[in-house]
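Undergrad: This is the structure I have questions about; it appears just below.
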Amino acid sequence: PRGARPRAEAPAGLQAMRGMVRGALAQFEAAADSPDRLTSPGFAVAMNTLKTGAAEMVVRIVEQAMLAAGLSAYRNDSPYSLCRHLRDAHSAPLMISNDRILGNTANLLLAHKDNGSLFG
């Protein structure tokens, strides 16, 4: 059926995003007692990747949910409306300035390209 793919992709995307957040949380918890690790280029790269990745993933997740829900997701007078969620999802990359963060991440990676471990 036409809606089967979006119905499968939205929850899969949500699970992937949760995994990404859990992985970043584990990195934070591992570094929490070490100011050197928290300020390391590798930690900055990991957190920047989380911010930009989540901001891009949430747009795809909401779009897939809208496709699965059909026209009622596009209506503002529907209990299944996802219009506000889509608007908010599209604002995330703007609010965190993905382009700026990606530029900073690229500079961090270039500056530390010879270091085998970015955490150290």
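The values are calculated or read from the model by the stated rules, or taken from the named source; none is laboratory data. Here the structure is a predicted model, which means the values were calculated and not measured. Note that each Cβ is placed from the backbone with ideal geometry, even for glycine, and that neighbours are counted across all protein chains shown. Calculation scope for accessible area: heavy atoms of the full protein, side chains included, ligands and nucleic acids excluded. Shrake-Rupley method; radii C 1.70, N 1.55, O 1.52, S 1.80 Å.
Undergrad: For the chain, what does the helix formula give at 222 nm: sum of -39500 (n - 2.57) over DSSP H segments with n ≥ 4, over the residue count, nearest 500 deg cm²/dmol? List each step's numbers first, then the result.
TA: Numbers: 5 runs with 88 residues, N = 120.
After summing the helix terms and dividing by the residues of the chain, the value is -24500 deg cm²/dmol.
Undergrad: Based on the mean of other Cβ atoms within 10 Å per residue, sort peptides 32-40, 80-88 so the most packed one is first.
TA: Values: 32-40: 12.0, 80-88: 14.8.
Packing order, densest peptide first, comes out as 80-88, 32-40.
Undergrad: Right, something else. Calculate, axis by axis, the spread of Cα positions in the stretch 1-100 along the three principal axes, and write the results as whole Å, longest axis first.
TA: 51, 26, 21
Undergrad: Go through 100-110, 58-68 and give me the packing order, highest mean Cβ count within 10 Å leading.
TA: Numbers: 100-110: 13.6, 58-68: 19.6.
Most protected by this proxy first, the peptides run 58-68, 100-110.
Undergrad: Provide the per residue accessible area, probe 1.4 Å, for the chain, rounded to a whole number of square angstrom. Intermediate results must be reported in sequence, preceding the final value.
TA: Numbers: 7900 Å² over 120 residues.
Per-residue accessible area for the chain comes out at 66 Å².
Undergrad: Leaving out ligands, DNA and RNA, and with a 1.4 Å probe, what % of the accessible surface on the chain is carbon or sulfur?
TA: On the way: 4690 of 7900 Å².
Answer for the chain is 59 percent, counting heavy atoms of protein chains only.
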